[in-house]
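Q: One structure, pasted below without further comment.
The values are calculated or read from the model by the stated rules, or taken from the named source; none is laboratory data. This structure is a prediction, so every number in the text was calculated from the model and none was measured. Here Cβ is always computed from backbone atoms with ideal geometry, including for glycine, and neighbour counts include all displayed protein chains. With ligands, DNA and RNA removed, areas are computed over all heavy atoms of the protein, side chains included. Shrake-Rupley method; radii C 1.70, N 1.55, O 1.52, S 1.80 Å.
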Amino acid sequence: MLRKKDQMGDNHQNIQMKKHLQVTMNKIKHFPVLCWKTSKKVGAEDPRRIIHSLKVGLSLTLVSLLYLIQPLFEGIGSNALWAVMTVVVVLEFTAGATLCKGLNRGLGTVLAGSLAFFIEGVANRTGKVFRACFIGAAVFLIGSVATYMRFFPKIKKNYDYGVVIFLLTFNLITVSSYRVDNVLKIAHDRFYTIAIGCGVCLLMSLLIFPNWSGEELHNSTVLKLEGLAKSIEACVNEYFFDTEIDENKESCSGDQIYKGYKAVLDSKSTDETLALQASWEPRHSSHCYRIPWQQYVKLGGVLRHFGYTVVALHGCLQTEIQTPRSVRILFKDPCTRVAREVSKALIELANSIRNRRHCSPEILSDHLHEALQDLNKAIKSQPRLFLGSNKNQSRNMLALAAAEAGQKQNEKKRQSGVSLSSVKTDSSALMEWKTKRASEQSREAERKVLRTQLSKIAITSLEFSEALPFAAFASLLVETVAKLDIVIDEVEELGRIACFKEFKHGDDNDNDNDEEEHITVKCEKPKVNVTQNQLSSVSGAE
């Protein structure tokens, strides 16, 4: 019998191993196809990624010639590898990031080399023992001071990478000078190779298909405004959608809502990074020098506060208690019109930033005010939905009182049963303890069920609870209108500081459309996410 069980166990293990082996072989078989599809998808999302990859490959090839060509290698030697390291670390996706890291690296190397040669000149005039002590003290003092300076807000924000390079270069030159006689030549060679590497990176970033951080920040702000506009209108459309809409369209709408405000809520660090990198970029167009990049960061903060309201609006679609569709349909028209006008205003703001012009003076049309008035009238015309009837409330309150009375009665029975006690043997006491424990567990389960029922009774005892979810939805929709004024003020401030051109009728084709135009939510390919283009580099391998 045991042998038969062992054989059955072995057969089961063999079957499981065959299944795992088959799954592994299928994964290996489809791995090339998966890699090709992934590569094609990444390149289709943003073709600039392919260009950047080719630029990095070309830069590495150019600096490798210092090591591959014999005359160049004889002049520089093995220090040519520092140029390769510089290209790997410094060459970033945008020109601003490359300039920031390249100039920080060059400035840190020059300052560290100058200070190291000064300390070396002072230490050479002393004895060997005092020289070692002097070098150790200098390394401790400079390392401590430079590391403490990294905590200064301005240095941490703009020059942290340069301070790291300064520490690394200073320690390499100072410490190695104690054992190496020709440290000056090594430092010169490394400085030249680093300068060559930085020069190649700057050449590739600024002159060959450049990607500007300022343009990335500018375009991302436009996409955030458009995403919020689509999210708001999609929220309202889904809240009042008809029953015949299929599940695919509903899931597409929910995905569109989430993507619209997620890009806004996750943009704080990206906006600050792009604004910092854009401040390092040269004037590459006629309007670049006038653009205040920090104003884009401020506008991004306002859009995030606006996005919180959209998140709450989306949450109304997923609450446990929903207003019946027959009640919602009474307020469909004014709510849809309010969302449409808010979305149109956000789209107009996005177009004004895209075209670098002031927004239209008629951005808040009379139609928005009329829609708000109609929504207010519609709510006031249905007072019984929000006040409830005393008859239904009293009936449900009686049910609540009966449930509470039943709970109290069960509690009294439990207390009376516990109060009875007698002297029993050890075995009978153990059995009683087990029985009592089982009864307590059953009573706990009953209390949980009763508590859930009481919660539902307490909620349904108020008749206006059916209209309460819609009241929250309508309140948040009106809140978007209130916060829209703040967004408009920030966009106008951006246009004033950046000296955008004045608005003229006919500048934008969207302004020629009729008043009833609205945004259509479609399942389309998502826009480029600039956060995926920010590649982090290891700064320690210097």
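Q: Determine if region 78-98 includes at least one residue that is open to solvent by 40 Å² or more (accessible area, probe 1.4 Å), over 30 Å from ASN182 (Cβ atoms), hydroxyl-bearing (Ser, Thr, Tyr) and free of Cβ contacts under 8 Å to residues at least 60 places away in the same chain.
A: There is no residue in region 78-98 that is open to solvent by 40 Å² or more (accessible area, probe 1.4 Å), over 30 Å from ASN182 (Cβ atoms), hydroxyl-bearing (Ser, Thr, Tyr) and free of Cβ contacts under 8 Å to residues at least 60 places away in the same chain.
Rundown of residues vs (1) aromatic (Phe, Trp, Tyr); (2) open to solvent by 30 Å² or more (accessible area, probe 1.4 Å); (3) closer than 30 Å to CYS100 by Cα; (4) in a helix (DSSP H, G or I), yes/no style:
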site: THR309; (1), (2), (3), (4): no, no, no, yes
site: LEU313; (1), (2), (3), (4): no, no, no, yes
site: LEU317; (1), (2), (3), (4): no, yes, no, yes
site: ILE321; (1), (2), (3), (4): no, yes, no, no
site: ILE329; (1), (2), (3), (4): no, yes, no, yes
site: PRO334; (1), (2), (3), (4): no, no, no, yes
site: GLU341; (1), (2), (3), (4): no, no, no, yes
site: ALA378; (1), (2), (3), (4): no, no, no, yes
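Q: Have a look at LEU168, LEU206, LEU202 and point out the one that is in contact (Cβ under 8 Å) with a residue 12 or more places away in the chain, touching a Pro at 6+ places or on another chain (Cβ under 8 Å) and farther than 30 Å from THR336 by Cα.
A: LEU206
Q: Right, another one. Before we move on, is ASN124 touching a Cys at 6+ places or on another chain (Cβ under 9 Å) and more than 22 Å from TYR192 (Cα to Cα)?
A: The answer is no for ASN124.
Q: Another one. Does region 480-493 hold any residues that are out of contact with any Phe, Trp or Tyr (no Cβ under 7 Å at 6 or more places or on another chain) and of a type in the set (A, V, I, L, M, F, W, C), and which are they?
A: Answer for region 480-493, where residues must be out of contact with any Phe, Trp or Tyr (no Cβ under 7 Å at 6 or more places or on another chain) and of a type in the set (A, V, I, L, M, F, W, C): VAL481, ALA482, LEU484, ILE486, ILE488, VAL491.
Q: Would you please list the contacts, defined by Cβ atoms under 6 Å and residues six or more apart or on different chains, that run from a residue in region 488-510 that is open to solvent by 60 Å² or more (accessible area, probe 1.4 Å) to a residue that is at pLDDT below 70 and of a type in the set (D, E, K, R)?
A: These pairs meet every condition: CYS499/ARG290.
Q: Among the residues of region 61-70, is there at least one that is surrounded by 15 or more Cβ atoms within 10 Å (Cβ to Cβ), assigned to a helix (DSSP H, G or I) and free of Cβ contacts under 8 Å to residues at least 24 places away in the same chain?
A: Within region 61-70, one or more residues are surrounded by 15 or more Cβ atoms within 10 Å (Cβ to Cβ), assigned to a helix (DSSP H, G or I) and free of Cβ contacts under 8 Å to residues at least 24 places away in the same chain.
Q: Scan region 347-363 for residues that are open to solvent by 30 Å² or more (accessible area, probe 1.4 Å) and over 30 Å from the mean Cα position of the chain (by Cα) and report the count.
A: Within region 347-363, residues that are open to solvent by 30 Å² or more (accessible area, probe 1.4 Å) and over 30 Å from the mean Cα position of the chain (by Cα) number 2.
Q: Being touching a residue at least 60 places away in the same chain (Cβ under 8 Å) and either under 37 Å from the mean Cα position of the chain (by Cα) or not in a loop (DSSP other than H, G, I, E, B) (or both), is that true of even one residue in region 124-142?
A: no
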